[in-house]
Amino acid sequence: MSETKHNWTKEEILDIYNKPMMELLYDAATIHRLHHDPNVVQVSTLLSIKTGGCSEDCGYCPQAARYHTDIEGNDLMSVQQVKAQALRAKSTGSSRVCMGAAWRNVKDGEEFDQVLEMVRTINKLDMEVCCTLGMITENQAQRLAEAGLYAYNHNLDSSEEYYKEVISTRGYQDRLDTIGNVRKTNVTVCSGGIIGMGEKVEDRAGMLVALSTLNPQPESTPINALVAVEGTPLEDEQPVEIWDMIRMVATTRIVMPETQVRLSAGRTQMSREGQAMCFLAGANSIFAGDKLLTTPNPDVNEDMKMFDALGLNPQKPFTKKVQPQTVEASSSQFEALGEKPKWTRPDHKIERNELAKASAKLEK
Ligand code: SF4
């Protein structure tokens, strides 16, 4: 089995991305087979446990409070509601539940304690638990690990250069710091990005440089195709071509051979044949459920029909890593520190984000 390389350059990655398609597919499928069972695909269910009202200005996101979108905001779900949804996900073949909250960063207090209880509850259902809660400190990462968290998602979104064109309210280094905090625990790292935000191919390669040079590399990498939502600054972006998605998946597979590559947002715009080519190119995970936080996703039954047609099987939980132990809140060795982290705030504005904010104000 080949060694994982941690010093990929942008030029090397661009050379891979731009190969003739048949060669690229062959190379990616060959590497995929060396490291994974090509007939097994992990199924994750993404659950929005707190929707909308976020203070950040991510140009693609309908949950940012400053843009005028049709998203209905919701307060934090109860532990019982989350448990019911997790059981439903388990009964339809999901091995992982990923809980997303539209927060800039985690704040110690009642709501975070409730999320920790959700993590304990789902881990006891023998499912892998993932959270995506925004930026977290090392202490918060440790508390999540102690509760039994299996993975933490924090996407780099794009290259460092293009990131500044999409988000102004935090910096790339803040993202890397959160990933670093997760890495200090036994929680696995899930980090990827979005294509179709107006970035160049060089930015896609730049994002893969940032991810693949992490050591260890992320255990899972979601590749999203932008779902352009009306009211967001990126509402006019054109849908990503399936060929771009296949190239991105294949390149990710080649530079991160061990990583679980997840086909994420944008699957409703892809045909079954297009998705099959992504699986051939090395994708081995999908998000299930009719919604991905707030954007549409294929129906679970449709996905199972696709699995049947392609002879794919859902991956069992804890195939890659043993189940974490849950420590009850009463026996916790960590206390809330109430830290107020000083996140870097790049002093710049993004014109199209400002325009979207201004037009949302006018509509109100
Ligand atoms: S992507 Fe996350 S951090 Fe950015 S606006 Fe949306 S919910 Fe907030």
Near pairs, Cβ below 9 angstrom, 6+ apart or cross-chain, from the stretch 54-65 (among the aliphatic types (A, V, I, L, M)) to any residue that is near the ligand (Cβ under 7 Å from one of its atoms) and in a strand (DSSP E or B): Ala64/Cys54; Ala65/Cys54
Unique residue being away from the ligand (no atom under 16 Å from the Cβ) and under 22 Å from the mean Cα position of the chain (by Cα) when the list is Thr319, Thr295: Thr319
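Taking the stated definitions as given, is Glu128 more than 16 Å from the ligand (Cβ to nearest atom) and free of Cβ contacts under 8 Å to residues at least 12 places away in the same chain? Break it down into steps so the answer makes sense when it comes.
Numbers: more than 16 Å from the ligand (Cβ to nearest atom): yes; free of Cβ contacts under 8 Å to residues at least 12 places away in the same chain: no.
No: the conditions fail for Glu128.
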Count of the stretch 32-50 residues which are in a helix (DSSP H, G or I) and surrounded by 20 or more Cβ atoms within 10 Å (Cβ to Cβ): 1
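Restricting to the stretch 158-179, name every residue that is among the aliphatic types (A, V, I, L, M) and either at pLDDT below 95 or in contact with a helix residue (DSSP H, G or I) (Cβ under 9 Å, 6 or more places away or on another chain) (or both). Steps first, please.
So in the stretch 158-179, the residues among the aliphatic types (A, V, I, L, M) come out as 166-167, 176, 179.
Answer for the stretch 158-179, where residues must be among the aliphatic types (A, V, I, L, M) and either at pLDDT below 95 or in contact with a helix residue (DSSP H, G or I) (Cβ under 9 Å, 6 or more places away or on another chain) (or both): Val166, Ile167, Leu176.
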Counted residues, the stretch 66-111 - those being within 16 Å of the ligand (Cβ to nearest atom) and part of a helix (DSSP H, G or I): 1
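The values are calculated or read from the model by the stated rules, or taken from the named source; none is laboratory data. Being a predicted model, the structure only gives us computed values, none of them experimental. Cβ atoms come from the backbone with ideal geometry, glycine included; neighbour counts cover every protein chain shown.
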